[in-house]
Protein chains: 2
Amino acid sequence: MKPTNDTLLRALLRQPTQYTPIWLMRQAGRYLPEYNATRRRAGSFMALAKSPQFATEVTLQPVERYPLDGAILFSDILTVPDAMGLGLHFVEGEGPKFERPVRDEAAVAALAAPDPEQSLRYVTDAVRSIRTALANRIPLIGFSGSPWTLACYMVEGGGSEDFHLVKSMLYTRPELLQRLLAVNVRAVTDYLNAQIRAGAQVVMIFDTWGGVLTDAAYRSFSLTTMRQVISGLLRQWDGERVPCIVFTKGGGLWLEDIAETGCDAVGVDWVVDLGQARARIGARCALQGNLDPAVLRAGSHATVQEARRVLDAFGPPRRPDGGVDGHVFNLGHGISQYTDPAVVDALVDTVHSYSRKLRA
Amino acid sequence: MKPTNDTLLRALLRQPTQYTPIWLMRQAGRYLPEYNATRRRAGSFMALAKSPQFATEVTLQPVERYPLDGAILFSDILTVPDAMGLGLHFVEGEGPKFERPVRDEAAVAALAAPDPEQSLRYVTDAVRSIRTALANRIPLIGFSGSPWTLACYMVEGGGSEDFHLVKSMLYTRPELLQRLLAVNVRAVTDYLNAQIRAGAQVVMIFDTWGGVLTDAAYRSFSLTTMRQVISGLLRQWDGERVPCIVFTKGGGLWLEDIAETGCDAVGVDWVVDLGQARARIGARCALQGNLDPAVLRAGSHATVQEARRVLDAFGPPRRPDGGVDGHVFNLGHGISQYTDPAVVDALVDTVHSYSRKLRA
């Protein structure tokens, strides 16, 4: 069933909308005092992410505060490797770590795609619970890390500055990395489909680390595996098309290639000019982006100006031939924890009002 | 006077060469045991950089060890803001810091471009000393940070993850940032010209942080100011053309624009396919790059394979019309301190021998 406000879905499917819909990557997060309060009650980030009740609460927080056009499941991209048994934990000040990183033949051979309705049940339960709480006002976006991005964490055992362990595997044992990625393709596909069955109305693949690869390696190890995921996705559920968004951070050179993965929309970071991105792929895919998240820390006035610049760069969605190109407003990366919540008010208001004017 | 081995100069000027010349960003550095020994004797990084004698010693080390086609002045991009009186110091484990960052009207008004033959005399003395030590075997490359990249450090007061202070100035006080950049343009131009007068035979502008900007901001704040620097450079010295290289890390989308700054060569990071880069700008500028520095940590075999892939991607320099395109082999970023020096042997040897074969 369509949500009451289906502007986001329409823009993703390149149908006419009355204004440009907006949601923000990491919109449920540490810049919101109510999020921090819930997190304190939960005790830890993972306790928060693994409780459908808490996850529902924080997913709804930005939606209650701002007239956003989409909600996004509160979760972490590392739930999948955690469900594979790698032992996810968080080290204060160092971010996520895996106890058992995947670095050799035996570790890859031992990997299996988890059954999401078993070991990731807390995620699908959260999706069901959030759908109930949203009461069909706006669509819910589910998500996963890309096979390559998950592999980065699985091999490095955590974050990395230069990804030299996973890149060493890539350069010396490409076939071993491909075996690992094949497990991830299966896992991500099953995970996203489970989210769709549970009620996610849009899915997004976060290819956070695709942009650290050479052109050749990006094609072989990230782009191809995302295409495989998309070809296995449920694209229709509950009588509706389920749009899929692909976001490779730092992927501005590859927009045409991403547009050919079978996705409905391409996320772009703030480096790319949105008008140029539209000229390149607007006839094939909707675009999502692309305000520099740093501008929000410069205050409301600067944020309003830059938001208008982004909307102007895309231009009115109506094409001269009468068709419509799709634009979903977002940041080019997750919102900073140091953002003033009042600036987000100004941003959402500007995107809605200014985009209505652009259509007039 | 031309150096005995002028292959690097010829490639930068798109003249025929017998093989592809190679040098490595940060080739005088911590991966070399002899560098670490000198650094211990100097006591600190800045003591090393500020002593013409030590700077000469470490500049020559990689050149004595490997048959490289160019030497690069050992120095730091922060010497210029240090000479402006901002108080550069290094905090263990945190990198460079400025005691007096430039964050307001008064601080910008107080800035002045230093006279390089006064406060940066240790750099020009090092250039003269290195030229003597090189005895004209290979050319010496001088360098500076770009006006924008220097501004990042000057405003942030050190390194940054999100550059929110300098971006706040950019978004809220663009005219103030432009005033700061105007000082940097003067300072960088004078600094590079002083290096040329002292004997630098090539100059390179490191725009390390241009790639964190939006397309519009890159054009206004980085590209324009680099063009201004280049228009003020001595292009002819001691009877020879002094080639200029511009390297914007993460600048793959802007290669055409960089090629129009007036530079002779464009540095490219490892994300860009070199064949595509050549197709885009090879008729106007030489290219420098672009091996992923991470591959060196994967060992000699992988490094040799990838180096060949880079050379194949560029292809033979001779064009079908009989003209020649220029390629200088390099990494897409500085060499890691964890690189095994033996791998660099294999790399230099492969670039020289395989590129000769490609020309045959």
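The values are calculated or read from the model by the stated rules, or taken from the named source; none is laboratory data. What you see is a predicted model; the values in this text were computed from it and never measured. No Cβ is skipped: glycine too gets one built from the backbone with ideal geometry, and neighbour counts run over all protein chains shown.
Only one entry of A:Ala55, A:Ala37 meets the criterion of being assigned to a helix (DSSP H, G or I) and either polar (S, T, N, Q) or touching a residue at least 40 places away in the same chain (Cβ under 8 Å) (or both), and that entry is A:Ala55.
Listed by position, the helices (runs of 4 or more DSSP H) enclosed by the range A:109-220 that each have at least 2 residues that are within 13 Å of chain B (Cβ to nearest Cβ) are A:147-156, A:164-172, A:174-198.
Taken together, B:Pro62, B:Pro81, B:Pro96 contain a single residue that is modelled with pLDDT under 95 and either under 19 Å from the mean Cα position of the chain (by Cα) or under 30 Å from B:Pro320 (Cα atoms) (or both), which is B:Pro96. Select from the range A:332-360 the residues that are touching a Lys or Arg at 6+ places or on another chain (Cβ under 9 Å), in a helix (DSSP H, G or I) and farther than 18 Å from A:Ala313 by Cβ and list them in ascending order. Selection gives A:Pro341, A:Val343, A:Val344, A:Asp345. Taking the stated definitions as given, is A:Ala298 more than 13 Å from A:Val351 (Cα to Cα), surrounded by 17 or more Cβ atoms within 10 Å (Cβ to Cβ) and not hydroxyl-bearing (Ser, Thr, Tyr)? Taking the combined requirement at face value, the residue satisfies it. In the range A:179-190 there is no residue that is under 24 Å from A:Pro21 (Cβ atoms) and either of a type in the set (Phe, Trp, Tyr) or touching a strand residue (DSSP E or B) at 6+ places or on another chain (Cβ under 7 Å) (or both).
Of the helices (runs of 4 or more DSSP H) lying entirely inside the range B:241-316, those carrying at least 2 residues that are at pLDDT 95 or above and farther than 27 Å from A:Lys249 by Cα are B:300-314. When the range A:90-112 is limited to residues that are basic (Lys, Arg) and in contact (Cβ under 8 Å) with a residue 60 or more places away in the chain, the one that is farthest from A:Arg26 (Cα to Cα) turns out to be A:Arg103. Of all residues in the range A:262-284, those that are surrounded by 24 or more Cβ atoms within 10 Å (Cβ to Cβ), closer than 24 Å to A:Gln201 by Cβ and more than 16 Å from the chain's Cα centre (by Cα) total 1. Summed over the range A:113-128, the residues that are in contact with a Gly (Cβ under 9 Å, 6 or more places away or on another chain) and in contact (Cβ under 8 Å) with a residue 60 or more places away in the chain give a count of 5.
In the set (1) surrounded by fewer than 23 Cβ atoms within 10 Å (Cβ to Cβ); (2) touching a residue at least 40 places away in the same chain (Cβ under 8 Å), B:Glu161 fails one condition alone, (2).
If I filter the range A:306-326 for residues that are within 20 Å of A:Phe143 (Cβ to Cβ), crowded, with 22+ Cβ neighbours inside 10 Å and either touching a helix residue (DSSP H, G or I) at 6+ places or on another chain (Cβ under 9 Å) or free of Cβ contacts under 8 Å to residues at least 12 places away in the same chain (or both), do I get at least one hit? Yes, because at least one residue in the range A:306-326 is within 20 Å of A:Phe143 (Cβ to Cβ), crowded, with 22+ Cβ neighbours inside 10 Å and either touching a helix residue (DSSP H, G or I) at 6+ places or on another chain (Cβ under 9 Å) or free of Cβ contacts under 8 Å to residues at least 12 places away in the same chain (or both).
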